[in-house]
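Bear in mind that the values in this text are calculations on the coordinates, not laboratory data. Just so it is clear, the model here is predicted, and its values are computed rather than measured. Every residue, glycine as well, gets a Cβ built from its backbone with ideal geometry; the counts of neighbours run over all protein chains shown.
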Amino acid sequence: MSDPNPCLDCGMCCVHFRVSFYWGEADDAPGGCVPAGLTEKLNLHLRCMQGTNAEPRRCVALEGQPGGRVFCTIYDRRPTPCREFPSHEADGSPNGKCNELRAQIGLPPLRPIAAGQAA
Ligand code: SF4
Ligand code: SF4
């Protein structure tokens with residue numbers, strides 16, 4: 001059995017980064033999927049998730065409190081930066097930035113997992 005998903009009691013990346021992406025990923029563009037109503041225009045080419053462009057950051061799509069039970073309300077429609085920020089690398093080693101962020105709220109460091117098991 002694999003370990004439970006460590007992101008479900010973390011959520012720190014959703015309150016730390018400005019989550020910006022090409023505007024065409026939003027669902028008011030052909031083929032886009034990110035709910036446009038949850039985004040903010042940055043410039044001609046980029047949007048970001050609302051709540052991530054100012055301090056304190058907190059993505060509008062995050063449900064719950066970091067360090068408690070959290071989930072992304074648009075998980076299947078989340079933008080590229082969220083899809084490309086893994087808790088573990090392809091070789092199974094923990095993402096060092098995750099461990100940095102987790103330490104800020106007293107969460108234990110991620111452990112290595114088997115190569116190829118990264119979500
Ligand atoms: S473990 Fe990493 S990817 Fe998962 S929620 Fe925490 S900071 Fe984000
Ligand atoms: S879209 Fe979802 S995964 Fe991405 S920052 Fe917001 S809550 Fe987190």
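Work out, step by step, the length gained on full extension between ARG18 and LEU42: first 0.36 nm times the residue separation, then minus their alpha carbon distance; give nm to one decimal.
7.6 nm
Whole angstrom only: what separates the Cα centroid of the stretch 83-119 from the Cα centroid of the stretch 1-72?
The distance from the Cα centre of the stretch 83-119 to that of the stretch 1-72 comes to 18 Å.
Could you order the peptides 73-86, 38-51 from most to least packed, using the average number of other C-beta atoms within 10 Å per residue?
Highest mean packing first, the order is 38-51, 73-86.
How far, in nm, would the chain grow between ASP27 and VAL60 when pulled straight, counting 0.36 nm per residue and subtracting the alpha carbon separation?
Stretched fully, the ASP27-VAL60 segment lengthens by 10.2 nm.
Once you put a point 7 Å from the Cα of ASN5 and another 7 Å from the Cα of ALA90, both along the Cβ direction, what distance in nm separates them?
2.2
Find the percent of Cα-Cα distances in the stretch 13-119 that exceed 16 Å, and round it to a whole number.
Of all Cα-Cα distances in the stretch 13-119, 62 percent exceed 16 Å.
Give the relative contact order (percent, whole number) for the chain; include only Cα pairs under 8 Å separated by 6+ residues.
Result for the chain is 25 percent.
For ASN53 and ARG83, calculate 0.36 nm times their separation in residues minus their Cα-Cα distance, and state this gained length in nm to one decimal.
8.9 nm is the gain from fully extending ASN53 to ARG83.
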